[in-house]
1. So which pairs qualify, if the first residue must be in the range 18-32 and loosely packed, with under 12 Cβ neighbours inside 10 Å, the second must be assigned to a helix (DSSP H, G or I), the Cβ gap must be under 9 Å, and the two must be at least 6 apart or on different chains?
2. Restricting to the range 159-184, name every residue that is surrounded by fewer than 17 Cβ atoms within 10 Å (Cβ to Cβ), in contact with a strand residue (DSSP E or B) (Cβ under 8 Å, 6 or more places away or on another chain) and within 20 Å of residue 50 (Cβ to Cβ).
3. Please tell me if residue 121 is on the phi < 0 side of the Ramachandran plot and within 11 Å of the chain's Cα centre (by Cα).
């Protein structure tokens, strides 16, 4: 008897670049973020305790970071182009994103959430030892499935300074507590694709 496999039911991939930007570029970005934090002091609403979050952040002022983000977005778009739901329109007309920065003090965390956009993207400015990024299959968040069912496990990433990571925004994710003695600093982006 021949067993046939159906098309993939659900798929979500992680796209990443390592060592984005030079040490000097990352240090300048870090200084700009901390200067912004010092000048504003007020974090936007809907953030986590111990986390300072900026309003919109001008990624276009850092072309080396913007170009790397565009590379990841294009890679993901090309990879998923065979998915008829994702690629139901004829032509990608443009990409837009809104970015913000997070500064998580020691002891703080970012609780489980997802985003209303096509992709989520994060660039790690200062992250060594400040907590893992946890990505969850939504089936696991419902807690009504068998724990060893295929592809329901959590996925943990211990990012390094300079890592740029992108994934579909519907994936629930969180950041574990920062147990280090330094702040976790990153630039986060919601990526929106527009079709003709």
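The values are calculated or read from the model by the stated rules, or taken from the named source; none is laboratory data. The model shown is predicted, which means the values in this text are computed figures rather than measured ones. Note that each Cβ is placed from the backbone with ideal geometry, even for glycine, and that neighbours are counted across all protein chains shown.
1. Taking only residues 6 or more apart or on different chains, the pairs are 22/64.
2. 176, 182, listed by residue number.
3. When the stated conditions are applied, residue 121 passes them.
To keep it simple, each residue is scored yes or no on (1) loosely packed, with under 10 Cβ neighbours inside 10 Å; (2) in a loop (DSSP other than H, G, I, E, B); (3) at pLDDT 95 or above.
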{"residue": "38", "(1), (2), (3)": "yes, no, no"}
{"residue": "52", "(1), (2), (3)": "no, no, no"}
{"residue": "65", "(1), (2), (3)": "no, no, yes"}
{"residue": "70", "(1), (2), (3)": "no, no, no"}
{"residue": "77", "(1), (2), (3)": "no, no, no"}
{"residue": "98", "(1), (2), (3)": "no, no, no"}
{"residue": "124", "(1), (2), (3)": "no, no, yes"}
